Amino acid sequence: MLLSAAGFVSSPGHADPGDFAAMPGLWKVVKTPVDHGHRGKPVIEWHCVNEGDDPWATFARFSLPALAPCQIGEQHRSSTALAWAVNCSGNPPLHGRGHVDFESAEHYTAGIVLQDRGEILQVEGQRRAACTGPSD
(Lines give C-alpha, C1' and ligand atoms only; values in the text may rest on other atoms or scores of the structure.)
Protein backbone atom coordinates (compact mmCIF):
# COMPACT_ATOMS: atom_id res chain seq x y z
CA MET A 1 0.00 0.00 0.00
CA LEU A 2 1.28 3.46 -0.84
CA LEU A 3 0.71 6.18 1.71
CA SER A 4 0.72 9.45 -0.17
CA ALA A 5 -0.11 12.76 1.41
CA ALA A 6 -0.86 14.22 -2.00
CA GLY A 7 -3.31 11.50 -2.90
CA PHE A 8 -5.80 12.01 -0.10
CA VAL A 9 -6.07 15.70 0.76
CA SER A 10 -5.03 18.79 -1.16
CA SER A 11 -2.31 21.00 0.30
CA PRO A 12 -3.65 23.52 2.79
CA GLY A 13 -3.48 27.09 1.66
CA HIS A 14 -2.72 26.05 -1.94
CA ALA A 15 0.93 27.04 -1.49
CA ASP A 16 3.05 27.32 -4.59
CA PRO A 17 5.24 24.17 -4.93
CA GLY A 18 8.05 26.46 -6.13
CA ASP A 19 8.17 28.02 -2.65
CA PHE A 20 9.30 24.71 -1.15
CA ALA A 21 13.00 24.81 -0.25
CA ALA A 22 14.11 21.55 -1.89
CA MET A 23 16.55 21.64 -4.79
CA PRO A 24 15.62 19.94 -8.03
CA GLY A 25 17.82 17.08 -9.16
CA LEU A 26 18.54 13.40 -8.57
CA TRP A 27 17.67 12.32 -5.04
CA LYS A 28 18.82 9.18 -3.21
CA VAL A 29 16.18 8.15 -0.68
CA VAL A 30 16.87 5.52 1.99
CA LYS A 31 13.72 4.08 3.60
CA THR A 32 14.21 1.96 6.71
CA PRO A 33 11.29 0.11 8.31
CA VAL A 34 11.22 -0.01 12.11
CA ASP A 35 9.44 -2.81 13.99
CA HIS A 36 9.16 -2.46 17.77
CA GLY A 37 12.31 -0.36 17.90
CA HIS A 38 14.34 -2.63 15.60
CA ARG A 39 15.51 -1.23 12.28
CA GLY A 40 14.89 -3.45 9.27
CA LYS A 41 16.75 -3.66 6.00
CA PRO A 42 16.99 -0.25 4.29
CA VAL A 43 15.58 0.16 0.78
CA ILE A 44 17.27 2.65 -1.55
CA GLU A 45 15.26 4.51 -4.17
CA TRP A 46 16.41 7.09 -6.71
CA HIS A 47 14.20 9.71 -8.32
CA CYS A 48 14.44 13.03 -10.12
CA VAL A 49 12.76 16.10 -8.71
CA ASN A 50 11.91 18.90 -11.09
CA GLU A 51 11.64 22.53 -10.10
CA GLY A 52 8.04 23.27 -9.13
CA ASP A 53 7.11 19.62 -8.39
CA ASP A 54 4.43 19.27 -5.72
CA PRO A 55 6.34 18.53 -2.47
CA TRP A 56 3.45 16.41 -1.10
CA ALA A 57 3.63 14.11 -4.13
CA THR A 58 7.44 14.19 -4.32
CA PHE A 59 8.64 13.86 -0.72
CA ALA A 60 5.67 12.50 1.29
CA ARG A 61 5.14 9.15 -0.46
CA PHE A 62 5.87 6.15 1.72
CA SER A 63 5.06 2.50 1.20
CA LEU A 64 3.64 0.81 4.30
CA PRO A 65 2.78 -2.74 3.16
CA ALA A 66 2.22 -4.26 6.62
CA LEU A 67 -0.63 -1.90 7.54
CA ALA A 68 -4.32 -1.80 6.77
CA PRO A 69 -5.30 0.98 4.37
CA CYS A 70 -4.25 4.37 5.72
CA GLN A 71 -5.49 7.83 4.93
CA ILE A 72 -3.98 11.25 5.42
CA GLY A 73 -5.69 13.69 7.73
CA GLU A 74 -4.73 17.17 8.83
CA GLN A 75 -1.72 18.56 6.92
CA HIS A 76 0.74 21.36 7.62
CA ARG A 77 3.41 22.77 5.34
CA SER A 78 6.17 25.33 5.67
CA SER A 79 8.97 26.12 3.25
CA THR A 80 11.14 23.41 4.88
CA ALA A 81 8.73 20.88 6.40
CA LEU A 82 5.65 18.75 5.80
CA ALA A 83 3.59 17.18 8.59
CA TRP A 84 0.36 15.19 8.49
CA ALA A 85 -1.93 12.96 10.52
CA VAL A 86 -2.14 9.25 9.61
CA ASN A 87 -5.30 7.20 10.21
CA CYS A 88 -5.21 3.46 9.41
CA SER A 89 -8.29 1.25 9.45
CA GLY A 90 -8.06 -2.13 11.08
CA ASN A 91 -8.77 -3.74 14.41
CA PRO A 92 -7.77 -1.78 16.34
CA PRO A 93 -7.48 1.31 14.13
CA LEU A 94 -4.09 3.05 14.22
CA HIS A 95 -3.42 6.78 14.35
CA GLY A 96 -0.20 8.70 14.13
CA ARG A 97 1.87 11.40 12.45
CA GLY A 98 4.15 11.66 9.45
CA HIS A 99 6.78 14.31 8.80
CA VAL A 100 9.43 15.48 6.35
CA ASP A 101 12.02 17.97 7.67
CA PHE A 102 14.63 19.61 5.44
CA GLU A 103 17.91 20.45 7.20
CA SER A 104 19.06 22.04 3.93
CA ALA A 105 17.78 22.29 0.38
CA GLU A 106 19.75 19.08 -0.38
CA HIS A 107 19.01 16.87 2.65
CA TYR A 108 15.96 15.78 4.63
CA THR A 109 14.84 13.29 7.23
CA ALA A 110 11.33 11.92 7.46
CA GLY A 111 9.34 9.32 9.28
CA ILE A 112 6.04 7.96 10.48
CA VAL A 113 5.12 7.33 14.11
CA LEU A 114 1.95 5.42 15.06
CA GLN A 115 0.22 5.43 18.43
CA ASP A 116 0.99 2.22 20.38
CA ARG A 117 3.58 1.13 17.77
CA GLY A 118 6.05 4.00 17.88
CA GLU A 119 8.22 4.80 14.91
CA ILE A 120 7.52 2.49 11.97
CA LEU A 121 9.53 4.17 9.21
CA GLN A 122 12.69 6.28 8.96
CA VAL A 123 13.55 8.06 5.73
CA GLU A 124 16.59 10.05 4.68
CA GLY A 125 16.90 11.88 1.38
CA GLN A 126 20.03 13.39 -0.15
CA ARG A 127 20.29 15.29 -3.43
CA ARG A 128 23.18 13.72 -5.36
CA ALA A 129 23.34 15.39 -8.79
CA ALA A 130 21.47 17.20 -11.50
CA CYS A 131 19.09 15.13 -13.59
CA THR A 132 20.49 14.61 -17.07
CA GLY A 133 17.40 13.85 -19.11
CA PRO A 134 13.63 13.36 -19.17
CA SER A 135 13.95 9.63 -18.44
CA ASP A 136 15.97 10.12 -15.21
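Within the group ALA68, ALA60, which residue is more than 16 Å from the chain's Cα centre (by Cα), at pLDDT below 95 and aliphatic (A, V, I, L, M)?
Unique residue meeting the criteria: ALA68.
Mind checking which residues of the range 1-47 are of a type in the set (S, T, N, Q) and modelled with pLDDT of 80 or more?
Listed by number, the list holds a single entry, THR32.
Looking at the range 56-77, I want the residues that are under 23 Å from ASN91 (Cβ atoms) and aliphatic (A, V, I, L, M) and have a partner that is modelled with pLDDT of 80 or more and surrounded by fewer than 14 Cβ atoms within 10 Å (Cβ to Cβ) with Cβ atoms under 6 Å, at least 6 apart or on another chain. Which pairs are those?
Listed pairs, sorted by first residue: ALA68/SER89; ALA68/GLY90.
Let me confirm something: among VAL100, VAL123, VAL113, VAL86, which residue is touching a Gly at 6+ places or on another chain (Cβ under 9 Å), under 20 Å from HIS38 (Cβ atoms), touching a residue at least 40 places away in the same chain (Cβ under 8 Å) and β-branched (Val, Ile, Thr)?
Of VAL100, VAL123, VAL113, VAL86, the one residue that is touching a Gly at 6+ places or on another chain (Cβ under 9 Å), under 20 Å from HIS38 (Cβ atoms), touching a residue at least 40 places away in the same chain (Cβ under 8 Å) and β-branched (Val, Ile, Thr) is VAL123.
It is to be established whether one or more residues within the range 64-75 are surrounded by 15 or more Cβ atoms within 10 Å (Cβ to Cβ) and closer than 19 Å to PHE20 by Cα.
Yes, the range 64-75 contains a residue that is surrounded by 15 or more Cβ atoms within 10 Å (Cβ to Cβ) and closer than 19 Å to PHE20 by Cα.
The values are calculated or read from the model by the stated rules, or taken from the named source; none is laboratory data. All of these numbers come straight from a predicted model, not from anything done at the bench. Because the Cβ atoms are built from the backbone with ideal geometry, glycine has one as well, and the counts that use them run over all protein chains shown.
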